[in-house]
Amino acid sequence: MRSLSPKKVVIVPGNGAGDVKHCNWYGWVNERINKIPDVSCQLQNMPDPVTARESIWLPFMEKELGCDEQTVIVGHSSGAAAAMRYAETHKVFGIVLVGAYTSDLGDENERAS
């Protein structure tokens, strides 16, 4: 039976974020979610942080971050694209998309991503 509330939140940052704990709003949100009783939040630097290739990010989300049916994925920018791709083939509790987009914006690196 599916739980009525998630047990975990995973923040998937945008590519090129650097040290995610000190970039954008990621660390701030991570701290606040970790104050919610019975919910843990994970925030880690992603592998392949500049190009953000699906072939690297999605296995990392599954194996290292443990995204599963009790996880809400908060994806920002290319992390939002990764959250949507992940949810196409994996059951998750939910996804929250921040600054999501659907094109490569004419940028060569985004196209590779």
Test: residue in region 10-28 that is of a type in the set (A, V, I, L, M), surrounded by 12 or more Cβ atoms within 10 Å (Cβ to Cβ), out of contact with any strand residue (DSSP E or B) (no Cβ under 9 Å at 6 or more places or on another chain) and touching a residue at least 40 places away in the same chain (Cβ under 8 Å): no
Check on Glu31, in a helix (DSSP H, G or I), closer than 18 Å to Val96 by Cβ, at pLDDT 90 or above and open to solvent by 30 Å² or more (accessible area, probe 1.4 Å): yes
Residue list for region 1-28, restricted to those being of a type in the set (Ser, Thr, Tyr) and assigned to a helix (DSSP H, G or I): Tyr26
Close pairs (8 angstrom Cβ cut-off, 6 or more residues apart or separate chains): on the phi > 0 side of the Ramachandran plot in region 55-83, open to solvent by 20 Å² or more (accessible area, probe 1.4 Å) and modelled with pLDDT under 95 anywhere: Ser77/Asn15; Ser77/Gly99; Ser77/Ala100; Ser77/Tyr101
Asn45, sole failed condition from (1) surrounded by 15 or more Cβ atoms within 10 Å (Cβ to Cβ); (2) under 11 Å from the mean Cα position of the chain (by Cα); (3) assigned to a loop (DSSP other than H, G, I, E, B); (4) of a type outside the set (Phe, Trp, Tyr): (1)
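The values are calculated or read from the model by the stated rules, or taken from the named source; none is laboratory data. Not measured: the values here are computed from a predicted model. Every residue, glycine as well, gets a Cβ built from its backbone with ideal geometry; the counts of neighbours run over all protein chains shown. Note: areas computed on protein heavy atoms with side chains; ligands, DNA, RNA excluded. Shrake-Rupley method; radii C 1.70, N 1.55, O 1.52, S 1.80 Å.
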